[in-house]
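Here is the structure we will look at.
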Amino acid sequence: MPKSKEWSRLREIWRGMHKRCENPRCHDFPKYGAKGITVCREWAEFEPFYQWAMTHGYKDKYTLERLAVTRGYSPGNCRWISRKAQAYNRTTNTRYTIDGHTRTLAEWSAEYGVPDYVICHRIEKGWSIEDAIKTPKRKYVRK
């Protein structure tokens, strides 16, 4: 197997996955291994993981995502996505529903062009979620 840039990066992703799930001394173990998140037997060795990654959309700029956060790392539960998309999927994100659509604050901010800090400030001031997100940001003109 050629030892390319991809090979090295994938090796680190593979190691990190095992460390989070199997090493109780890892600082991320409480969020993974302690919650029953495991790595499938097929990916116990690096080569099968490398082959899967190279045939399932791996790119240097992508990160590995588990589709079902309560299930472990396996070919059927993982995919490669951008860092931005990965950030939207964090369990710590707050999601808001408007007109039957649920999105993160960052997604609503991008859709309506209102900075997230403005939306948060409005919510803190007692604005409804819908008004805080949908009301355009005022442009101030200096005199």
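At pLDDT 85 or above and among the aromatic types (Phe, Trp, Tyr): does that describe TYR88? So TYR88 fails the test. Within the range 20-57, being of a type in the set (Lys, Arg) and either surrounded by 17 or more Cβ atoms within 10 Å (Cβ to Cβ) or farther than 18 Å from VAL69 by Cα (or both) holds for ARG20, ARG25, ARG41. On the given criteria, is ILE37 modelled with pLDDT of 95 or more and either in contact with a strand residue (DSSP E or B) (Cβ under 9 Å, 6 or more places away or on another chain) or part of a loop (DSSP other than H, G, I, E, B) (or both)? Answer is yes for this residue.
For the structure I just gave you, tell me whether GLY57 is without any contact (Cβ under 8 Å) to a residue 24 or more places away in the chain, among the small types (Gly, Ala, Ser) and part of a helix (DSSP H, G or I). Taking the combined requirement at face value, the residue does not satisfy it.
Filtered by the rule that a residue be farther than 17 Å from LYS84 by Cα, among the hydrophobic types (A, V, I, L, M, F, W, C) and surrounded by 11 or more Cβ atoms within 10 Å (Cβ to Cβ), the range 95-143 gives ILE98, VAL114, VAL118, ILE119, CYS120, ILE123, TRP127, ILE129, ALA132, ILE133.
Would you check if SER4 is free of Cβ contacts under 8 Å to residues at least 24 places away in the same chain and more than 30 Å from LYS139 (Cβ to Cβ)? In short, yes.
If you check ARG9, ARG15, which single one turns out to be touching a residue at least 12 places away in the same chain (Cβ under 8 Å), within 14 Å of LEU64 (Cα to Cα), exposed (fewer than 15 other Cβ atoms within 10 Å of the Cβ) and assigned by TED's automatic domain parsing to the domain that holds THR70? Give the steps one after another, and end with the answer.
Values: ARG15 fails: touching a residue at least 12 places away in the same chain (Cβ under 8 Å).
Result: ARG9 is the single residue among ARG9, ARG15 that is touching a residue at least 12 places away in the same chain (Cβ under 8 Å), within 14 Å of LEU64 (Cα to Cα), exposed (fewer than 15 other Cβ atoms within 10 Å of the Cβ) and assigned by TED's automatic domain parsing to the domain that holds THR70.
The values are calculated or read from the model by the stated rules, or taken from the named source; none is laboratory data. The model shown is predicted, which means the values in this text are computed figures rather than measured ones. Reconstructed Cβ throughout: ideal geometry from the backbone, glycine too, with neighbour counts over all protein chains shown.
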